[in-house]
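First the structure, in the form of structure tokens, and then the observations on it.
The values are calculated or read from the model by the stated rules, or taken from the named source; none is laboratory data. This is a predicted model, so every value here is computed, not measured. Here the Cβ is made from the backbone with ideal geometry for all residues, glycine too, and neighbour counts use every protein chain on show. Each accessible area value is taken on the protein alone, full model and side chains, heavy atoms only, with ligands, DNA and RNA left out. Shrake-Rupley method; radii C 1.70, N 1.55, O 1.52, S 1.80 Å.
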Amino acid sequence: MHFLFPFSLSQSLRRARPLLRSFSTLMGFPPSESSGRYTFNPTLRWNSQVEEYFIKAYGAEHFAKISGSLTQPSSYSCIRVNFLRSSGDDIIEKLRSVSNEMNDIDQAAGSMEDQTELPVSRKQLEVEKCQFPELGYVIFVRGTGPHSIQYNDSSIQPLKEIIVSRKCAEAVLRGAQVFVPGVLACSSHVEKGDTVAVSVAVEQPRPNGEWATGITRGTTLQGLESDPQYHERKGLYIGQGIAMISRAGIFRVSEGIAVDMSKRIYNLPSFHNVLEGEIFLQNLPSIVTAHVLDPREGERILDMCAAPGGKTTAIAALMHDKGEVIALDRSHNKVIGIQKLAKEMGLICIHAYKQDALKAVKKEGDREISATITEEAYSTEDGEKVDPSLYSRKAESRKTAHKTKNGPGKNNNIGGRVESSKGFSPNSFDRVLLDAPCSALGLRPRLFAGEETLETLRNHGKYQRRMFDQAVQLVRPGGVIVYSTCTLNPGENEALVRYALDRYKFLSLVPQHPRIAGPGLVGRCELFNGEFTEEWLTEAEAELVQRFDPSSSLDTIGFFIAKFIVGEKSI
């Protein structure tokens, strides 16, 4: 089923109607001639040893395609409908209604504003249901791009410029606005209402062997070739927008929108504050993972690393909110985020706890769930009482540092209480999902990957093995474990599966439904004359896992899923 409907980009009305602003970014702009300086053509930089490793795994040509795909967002946004509240058809109609309302407002504005400030042409948005039968409640909203944007011509002065952090730029490429903490540098005399060109500072190799941007927050841009950053940002312009605050304000305040993006290299919807509780923006492989787990009504299911809660709520919905879903995360604020999402979606079978997944199996004699954390004191592992204000000060410091570096995130919650778990009894869950913390090298758009080394990649794998050991203890005989990551690294994917099958003879890989991605990697990898060897899968085993390739026609993030059935543990 396809629907086409128009969207407009009136700046003033988008600011007047925050609920509708996310849809306005879907307006396409006709390609135009632009110099190499005003383009988006990034090259993903890797650690040289990691690059060699991946070329061994994928082949040089295939890895080049993967690397190029990672620098771009997917061409569509994937929406999971909360089918316990709405149907896919209902949501499509609601999206059409929202778009029509916005167009009506735009037309009314046209009679009050200078017509030259309104868009001349309109683009249409395509919405379609996912064609895989099991995923009929999933909706794809197609975006547009890449677009070539004409920033200026010879008849006018060059636009004032803003440089944003890489993390900020990656969010903008997915449809976000430019928030104040993400701004690193700015032309002098930028005032509210100015049109500005937005580019991104990507880490570059430095003489000392490290990677850095070389830009101090608050730097003034002259727009001259003598600027140290002038050539580094060639090919890294991500769009054009309207300054929502002056230069002085940008570097004085700690939050708020700095630039309202009006022209983007990629026009994708963010759906921020749109139909909350009825839809959830989620990558397709993550939705597939919940299906592969195959949760049943009345079961007790564990999501070991649950934040931000997308898979947790998907599992609860597939169970029709009947049973129990235990969601764990070691971050207090992330647990609050899971609770909030579950409440928004009207799911009551989810119970979220603060718990390190490496300590998910309770020690003998411990109660399964501790009392609610109080304000009077926290206890360390050895029982020592600690002043909670100390943790509050440290947490606030870390949160402030994170916001300054990366911009505001959805997990920056304040207040609220969570329950803290001391672990769970062995064999106490019917199914366990371990969506493990990983190197995240499959996420896109990604503009830099040089921070990962072979050593850090191997450390990720060791960490995941320890978590998997916990999962094996917690699931009952006859139960199911699903392991997933959002990385391309075989050491965190196929090598983990090899470890699991070799160590636990009672585990077996089983077919996955739905199966829409490709097979895993076969064989082994040897580097440095045999100093580094990694065992992967057999042909038969590779056909039972799913590997989502970002360069494939599915156009998803890079992702990996393995499903195990648990036999008698006495074997």
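Please identify every one of the GluC sites (Glu not before Pro) in region 473-532 that sits in a loop by DSSP and has no more than 12 other beta carbons within 10 Å of its own beta carbon.
Those that pass, being in a loop and sparsely packed, are GLU531.
May I ask you to list the trypsin sites (Lys or Arg not before Pro) in region 440-501 that are in a DSSP loop and have at most 16 other Cβ atoms within 10 Å of their Cβ?
none
Might you report the magnitude of the Cβ-based charge dipole of region 153-290 about its Cα centre, with Lys and Arg at +1 and Asp and Glu at -1, to the nearest 20 debye?
120
Which three extents, in angstrom, do the Cα atoms of region 250-355 have along their principal axes, listed largest first?
For region 250-355, the Cα spread along each principal axis is 51, 28, 21 Å.
Among PHE548, THR538, SER421, which residue has its Cα furthest toward the positive end of the charge dipole of region 412-559, with +1 on Lys/Arg Cβ and -1 on Asp/Glu Cβ?
Checking the options against the dipole of region 412-559, the answer is SER421.
Put +1 on the Cβ of each Lys and Arg and -1 on the Cβ of each Asp and Glu in region 235-292; which of GLY256, PRO285, SER246 then has its Cα farthest toward the positive end of the dipole?
Result: SER246.
In region 211-295, which trypsin sites (Lys or Arg not before Pro) are in a loop and have at most 11 other Cβ atoms within 10 Å, using DSSP for the loop call?
Here the trypsin sites (Lys or Arg not before Pro) that fit, given the DSSP loop and packing criteria, are ARG252.
Could you order peptides 81-88, 345-352 by the average number of other Cβ atoms within 10 Å of their residues, highest first?
345-352, 81-88
Need one number: convex hull volume per residue for region 304-358, Cα atoms only, in Å³.
59
Quick one: putting +1 on the C-beta of Lys and Arg, -1 on the C-beta of Asp and Glu, what dipole do you get for region 425-486 around its Cα centre, in Debye to the nearest 20?
80
When the accessible area of region 451-502 is computed with all protein chains present and a 1.4 Å probe, what percentage of it is carbon and sulfur?
That share works out to 48 percent.
To the nearest 20 Debye, how big is the dipole of region 471-566 about its Cα centre, given +1 on the beta carbon of each Lys and Arg and -1 on that of each Asp and Glu?
Using only the charged Cβ atoms, the result is roughly 520 debye.
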